[in-house]
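Beneath this line is the structure, given in structure tokens, with notes to follow.
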Amino acid sequence: RIDPSEYRIRDANIDNFLKAAKYLASKGIYVLRMGSIVERSLPEAKDQRIIDYATKYRSDFMDIYLLARCKFLLSTTSGVWAAAAMLDTPIAGTNFFHLHTPYKKTDLFIPKKVWSKKEKRFLTFIEILDWQHEVGHPAGYVSTEDVRKAGLKVVENTPNEILALAREMNECIDGTHRYTKEDKILQKKFHTLIRPYHNIYGTPASIGAKFLRENKKLLA
């Protein structure tokens, strides 16, 4: 039996999603917080378009129905994103510490950053991928203990990072988002870093443009 604490590094604070939820609600979109097992209820929101479905209304049937019918899924690395992918639902993935990525060219994701306590800096993308390949199984999974032994700290995505990703995905679906020449160059550079032995080799998904612009050093 797997000890859940071994993979707490994959968790994310629901409070960090509230800015994105309020933005989407302001665009007339209903935002439903999903999850079969959640740590606590969603903080009460004044906007009736923000619904804590996970704690008040959840059912197995509705989980699948909502995943199939929603405009897009704003997710973490929990299994629900894979279910959405099978239903061809657009995915905006956050906190992808293991650097698994969604499956389609139109999908977006942003990873957790990894801080080296010894070197007092964030690891680059290539350093993260190489380390996860070295200590994890082929899918790149590592445990909380692996992170501790390596002297690393995993940093969750901030509310502003998640908001930017949600805005980008929403605008992409609406056909109003425009990428700059720099955005395209940075995205190409990220994909050229990925080697055949990395678990995300060949991924068609893109990192959120604003996240990449703000973290150019991770491309070194």
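The values are calculated or read from the model by the stated rules, or taken from the named source; none is laboratory data. Just so it is clear, the structure is predicted and the values come from calculations on it, not from any experiment. FYI the Cβ positions are ideal-geometry reconstructions off the backbone, even for glycines, and counts take in every protein chain you see. Heads up: the accessible areas ignore ligands, DNA and RNA and are worked out on the full protein's heavy atoms, side chains in. Shrake-Rupley method; radii C 1.70, N 1.55, O 1.52, S 1.80 Å.
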Looking only at residues in the stretch 137-167 that are touching a residue at least 40 places away in the same chain (Cβ under 8 Å), of a type outside the set (A, V, I, L, M, F, W, C) and over 20 Å from LEU108 (Cα atoms), which one is surrounded by the fewest Cβ atoms within 10 Å (Cβ to Cβ)? PRO138
Hey, LYS19 hits all of (1) part of a loop (DSSP other than H, G, I, E, B); (2) open to solvent by 60 Å² or more (accessible area, probe 1.4 Å) but one; which does it fall short on? (1)
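Among the candidates ILE29, ILE9, single out the residue that is of a type in the set (Val, Ile, Thr), part of a loop (DSSP other than H, G, I, E, B), touching a residue at least 60 places away in the same chain (Cβ under 8 Å) and open to solvent by less than 60 Å² (accessible area, probe 1.4 Å).
Working: ILE9 fails: part of a loop (DSSP other than H, G, I, E, B).
After applying the criteria, what remains is ILE29.
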How many of the residues in the stretch 59-115 are in contact (Cβ under 8 Å) with a residue 60 or more places away in the chain, small (Gly, Ala, Ser) and open to solvent by 10 Å² or more (accessible area, probe 1.4 Å)? 1
Could you give me the residue pairs with C-beta distances under 8 Å whose first residue belongs to the stretch 200-220 and is farther than 18 Å from ILE162 by Cβ, whose second residue is of a type in the set (D, E, K, R) wherever it lies, and which are 6+ apart or on separate chains? TYR201/ARG195; PRO204/LYS104; PRO204/LYS105; PRO204/ASP107; LEU219/LYS189
Examine the stretch 178-185 for a residue that is open to solvent by less than 30 Å² (accessible area, probe 1.4 Å) and touching a strand residue (DSSP E or B) at 6+ places or on another chain (Cβ under 6 Å), and state whether such a residue exists. no
